[in-house]
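Data block below; observations after.
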C-alpha cells in the first residue's frame, strides 16, 4: 500500500521501519487486533501529572495499537498504554531536534491505513499550539477517520499550582493564550491590550523570548511592577516557580536554571499561602 502526499512517498513497509526511534511492545499482539478500520485519536496528555489525564484519554491509551507521542509526554503517562502498544517518540520539544511535520503526518496516515488504532499523543491540549490542524488536514486528505480528545493545558495547571485563577471578576474579563515564538521568530501581539492594568496572559514558549516580551510591553506602557511568574514543568514533581515583575523578569530568569518546558503567566503572582493538595482517602477510609 502506498500513500503519496505532496511529493512524499511513504509506503507501509517504510512506516514499519520508522520505529528506529521508538519503543515497541509485543507488536505481534497489536497486529492481531487490527481488524477494524484504522482511526487516529488526537489526544491531549495533559501538563505532565498522569492523574490529570481525562478518562477518555486513558481509554484511548489502553486501546491503542500505536502511540505517537511528543518528547514532553512523560513516562508516567506512557506507562498507561496497553501491553501490546507500539510506542513511537516523534521528538517534538521546543527548539530541540524533532521530526518534520510531514513525516509525522505520513506516519499517522500509513499506520491508520494499515488498520491500526492510533493515538497521536500531545502534551497539554492538542488544540493549543500543537499543530493540530496540519495533522487533521493530512488525515482527511487520506480518508482516515479521526477524533479529538481534549486535555488540560499547562496554563491551567500552572495557575492551579500557584493557587490562582486565570480569570477573576473585577480584574480581567479576558484571558489570552499566546506564543512567544512563531514560524517567523518572536511573535508579535496586541501589545497595547496586554499592557493594560489587570491583563492576564499565558505565554507559551516564552522563556527565550522574555527580553523581547519585556521590552515590547514596557514600550507600550505596561507597569514595570506587573507580576510575571515563570512556571517550569507545571504539575510535575519537579515543578519550579520563579515569581518576578515585568521589570525584573530577565534578571530573574538569568539567576535561575530552568531547562524544562516553561510557561509565563503575565499578571499573576503565587498566592502567599500555597494551595494545599486535596487529601487522599486510604482504602480503610473508603470502606468504612
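The values are calculated or read from the model by the stated rules, or taken from the named source; none is laboratory data. Only a predicted model underlies this, so the values are computations on that prediction, with no experimental measurement involved. Every residue, glycine among them, receives a Cβ derived from its backbone with ideal geometry; neighbour counts consider all protein chains shown.
Output yes when any residue across region 182-197 is within 16 Å of residue 230 (Cβ to Cβ) and surrounded by 14 or more Cβ atoms within 10 Å (Cβ to Cβ), and no when none is.
The answer is no; no qualifying residue exists.
Criterion first (farther than 24 Å from residue 140 by Cβ, surrounded by fewer than 24 Cβ atoms within 10 Å (Cβ to Cβ) and at pLDDT 95 or above) does residue 72 satisfy it?
So residue 72 fails the test.
Return yes when residue 58 is modelled with pLDDT of 95 or more and assigned to a helix (DSSP H, G or I) and no when it is not.
Numbers: modelled with pLDDT of 95 or more: yes; assigned to a helix (DSSP H, G or I): yes.
It is true that residue 58 is modelled with pLDDT of 95 or more and assigned to a helix (DSSP H, G or I).
Taking the conditions exactly as written (at pLDDT 95 or above, in a loop (DSSP other than H, G, I, E, B) and within 17 Å of the chain's Cα centre (by Cα)), does residue 236 satisfy them or not? Even if it seems obvious, please write down each step before you answer.
On the way: at pLDDT 95 or above: yes; in a loop (DSSP other than H, G, I, E, B): yes; within 17 Å of the chain's Cα centre (by Cα): yes.
Taking the combined requirement at face value, the residue satisfies it.
Kindly evaluate residue 103 against the criterion of being closer than 28 Å to residue 180 by Cα, at pLDDT 95 or above and surrounded by fewer than 19 Cβ atoms within 10 Å (Cβ to Cβ).
yes
Would you mind listing the helices (runs of 4 or more DSSP H) fully within region 106-221 where at least 2 residues are closer than 19 Å to residue 72 by Cα?
Passing ranges, in order: 132-141, 154-161.
Take region 222-233 and flag every residue that is surrounded by fewer than 23 Cβ atoms within 10 Å (Cβ to Cβ) and outside any loop (DSSP other than H, G, I, E, B).
Answer for region 222-233, where residues must be surrounded by fewer than 23 Cβ atoms within 10 Å (Cβ to Cβ) and outside any loop (DSSP other than H, G, I, E, B): 227, 232.
Look through 87, 67 and report the one residue that is in contact with a strand residue (DSSP E or B) (Cβ under 6 Å, 6 or more places away or on another chain), touching a residue at least 60 places away in the same chain (Cβ under 8 Å) and not assigned by TED's automatic domain parsing to the domain that holds residue 182. I'd like the intermediate steps shown before the answer.
Working: 67 fails: touching a residue at least 60 places away in the same chain (Cβ under 8 Å).
From the options 87, 67, the qualifying one is 87.
Which of the residues spanning region 258-277 are assigned to a loop (DSSP other than H, G, I, E, B), touching a strand residue (DSSP E or B) at 6+ places or on another chain (Cβ under 9 Å) and free of Cβ contacts under 8 Å to residues at least 60 places away in the same chain?
Correct list: 258, 259, 260.
The rows are residues; the columns are (1) over 24 Å from the mean Cα position of the chain (by Cα); (2) assigned by TED's automatic domain parsing to the domain that holds residue 129.
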| position | (1), (2) |
| --- | --- |
| 146 | no, yes |
| 161 | no, no |
| 179 | no, no |
| 219 | yes, no |
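For region 138-165, how many residues are closer than 23 Å to residue 56 by Cβ and out of contact with any strand residue (DSSP E or B) (no Cβ under 7 Å at 6 or more places or on another chain)?
4
Looking only at region 149-175, count every residue that is out of contact with any helix residue (DSSP H, G or I) (no Cβ under 6 Å at 6 or more places or on another chain) and buried (at least 18 other Cβ atoms within 10 Å of the Cβ) and tell me the total.
Residues flagged as out of contact with any helix residue (DSSP H, G or I) (no Cβ under 6 Å at 6 or more places or on another chain) and buried (at least 18 other Cβ atoms within 10 Å of the Cβ) within region 149-175 amount to 12.
Can you name the residue in region 239-257 that is touching a residue at least 12 places away in the same chain (Cβ under 8 Å) and in a loop (DSSP other than H, G, I, E, B) and is also farthest from residue 167 (Cα to Cα) among such residues?
Looking at the filtered set, the residue picked out is 256.
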